[in-house]
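Q: I'd like to ask some things about the structure below.
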Amino acid sequence: MKDRLVTIVLSVAATFGLMKAEPERVKELEVDRLVVRKELIVSDTGMPWEKGYEAQQIPRGVYARSLGDGPGGLWVRSRLIKGEIDDPFDDRFHALESDGSLRRAPGHISWNMWLDGAWRQMAIIQGEGVELSEVPREQWNGSTHPGRLRFQTFRPGHGEPLTDALIGQGMMSIGGGGFGGGGLPYPAEVLQLWGGRIEQMPIPTPAAPTVVKDDHSGGLEYAIIAVGPQGRHTAASPPAKANGRAVLQWDSVAGADSYIVLRDGKPIAGPLRFEGTQKQWSDAAP
């Protein structure tokens, strides 16, 4: 009886317009031009930020904000996938000074972590113009606008990024120091190494692989050869004995790009490339 009374009251209220009906949502909108003066929100919840991550400004989907009350920008949650047909992939960073002066560092890409209440940079790649001492301002024009790439990381005990490498103009400078923009000299030769030494490390011979299981078809011996990115081979690992065709497992070898599997001293597979620190391969019967 109570439920029926509630139904009647709701029906009467709707009939006389006492209840505000929800506006009908537009399912599809087709326009030639869309002008958004303040905010654009693409979100299944209708909110720009993921609940509980408002301080970190993690978007629920896509959030775009124009200049005005603060900095404008575009926030994207999850993958950013770009595609093109019959045209090269192209990302550009444009920036200029409002007074017309030259801005030599128009943008950078950084990798950040949330720490102590703010996003903190860990690594940076920056595109920048060369120093005016190298190319005077009056020599910059539409035909010559020389630049380089700067690679920076934050290291323990430093509050500012340190430059690890500078690449450009057919030359590269790499090494320690490089606090902020200084410390690591711009290269004067094709390759300059600062604050260290070049040490060549041979790829170690792999340990014997582990036999995870075999098919009990008869005694076999397996070994592994590590192959460097330049194609050089290590010596074969000590053999691992198996009672038949086996599933093998082994750890990554420092410096190795791929691996060759030997069965009874003869190569039977490879070069094989695997992801992860542990490799697994099966000698399945043909």
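Q: Scan the range 196-218 and give yes if some residue there is touching a strand residue (DSSP E or B) at 6+ places or on another chain (Cβ under 6 Å), surrounded by 15 or more Cβ atoms within 10 Å (Cβ to Cβ), in contact (Cβ under 8 Å) with a residue 24 or more places away in the chain and of a type in the set (D, E, K, R), otherwise no.
A: Among the residues of the range 196-218, at least one is touching a strand residue (DSSP E or B) at 6+ places or on another chain (Cβ under 6 Å), surrounded by 15 or more Cβ atoms within 10 Å (Cβ to Cβ), in contact (Cβ under 8 Å) with a residue 24 or more places away in the chain and of a type in the set (D, E, K, R), which makes the answer yes.
Q: List the pairs whose first member sits in the range 71-82 and is free of Cβ contacts under 8 Å to residues at least 60 places away in the same chain, whose second member is surrounded by fewer than 12 Cβ atoms within 10 Å (Cβ to Cβ), and whose Cβ atoms are under 7 Å apart, counting only residues at least 6 apart or on separate chains?
A: Note: pairs meeting the criteria are 82/89.
Q: Which ones in the range 245-261 are closer than 18 Å to residue 205 by Cα and in a strand (DSSP E or B)?
A: Passing the criteria: 248, 249, 250, 251, 258, 259, 260, 261.
Q: Ok, one more. So in the range 149-166, with the set limited to residues that are in contact (Cβ under 8 Å) with a residue 24 or more places away in the chain and within 15 Å of residue 185 (Cα to Cα), which one is surrounded by the most Cβ atoms within 10 Å (Cβ to Cβ)?
A: So in the range 149-166, the residues in contact (Cβ under 8 Å) with a residue 24 or more places away in the chain come out as 149-154, 161.
Pick out the ones that are also within 15 Å of residue 185 (Cα to Cα) and you get 149-152.
Values: 149: 13, 150: 22, 151: 17, 152: 24.
Step by step, filter the range 149-166, then rank; the result is 152.
Q: Follow-up. Please enumerate the residues belonging to the range 99-127 that are surrounded by fewer than 10 Cβ atoms within 10 Å (Cβ to Cβ) and among the hydroxyl-bearing types (Ser, Thr, Tyr).
A: 101
Q: Another one. Which one of these does residue 130 not meet: (1) under 23 Å from the mean Cα position of the chain (by Cα); (2) among the β-branched types (Val, Ile, Thr); (3) surrounded by 10 or more Cβ atoms within 10 Å (Cβ to Cβ)?
A: That leaves (1) as the condition not met.
Q: Name the residues in the range 262-286 that are touching a residue at least 40 places away in the same chain (Cβ under 8 Å) and either assigned to a strand (DSSP E or B) or surrounded by 15 or more Cβ atoms within 10 Å (Cβ to Cβ) (or both), would you?
A: At the first step, the residues of the range 262-286 found to be touching a residue at least 40 places away in the same chain (Cβ under 8 Å) are 262-265, 267, 270-271, 280, 283, 285.
Listed by number, the residues that qualify are 262, 263, 267, 270, 271, 280, 283.
Q: Sticking with this one: Can you find, within the range 117-127, the residue that is nearest to the chain's Cα centre (by Cα) among those that are more than 19 Å from residue 92 (Cβ to Cβ) and not basic (Lys, Arg)? If you could, list the steps in order and put the result at the bottom.
A: Here is the first cut: in the range 117-127, the ones more than 19 Å from residue 92 (Cβ to Cβ) are 117-123.
Now restrict to residues that are not basic (Lys, Arg): 117-119, 121-123.
Numbers: 117: 23, 118: 20, 119: 16, 121: 14, 122: 13, 123: 11 Å.
Only one residue tops the list, namely 123.
Q: Also, I was wondering about something else. If a residue must be under 32 Å from the mean Cα position of the chain (by Cα), among the small types (Gly, Ala, Ser) and assigned to a loop (DSSP other than H, G, I, E, B), how many such residues does the range 208-244 contain?
A: Adding up the residues that qualify gives 2.
Q: Considering the range 1-49 alone, what residues qualify as being farther than 22 Å from residue 69 by Cβ, modelled with pLDDT of 80 or more and outside any loop (DSSP other than H, G, I, E, B)?
A: Hits for the range 1-49: nothing passes.
Q: Still on this model: Could you tell me how many of the residues in the range 56-86 are in a loop (DSSP other than H, G, I, E, B) and over 23 Å from the mean Cα position of the chain (by Cα)?
A: Initially, the range 56-86 is screened for residues in a loop (DSSP other than H, G, I, E, B), giving 56-58, 60-61, 66-72, 77-86.
After this cut, where a residue has to be over 23 Å from the mean Cα position of the chain (by Cα) as well, the list is 66-72, 85-86.
Selection size over the range 56-86: 9.
Q: For residue 70, all conditions in the list (1) under 19 Å from residue 118 (Cα atoms); (2) surrounded by 13 or more Cβ atoms within 10 Å (Cβ to Cβ); (3) not hydroxyl-bearing (Ser, Thr, Tyr) hold save one; what is the number of the exception?
A: That leaves (2) as the condition not met.
The values are calculated or read from the model by the stated rules, or taken from the named source; none is laboratory data. What you see is a predicted model; the values in this text were computed from it and never measured. A quick note on method: Cβ atoms are made from the backbone with ideal geometry, for glycine too, and the neighbour counts reach across all protein chains shown.
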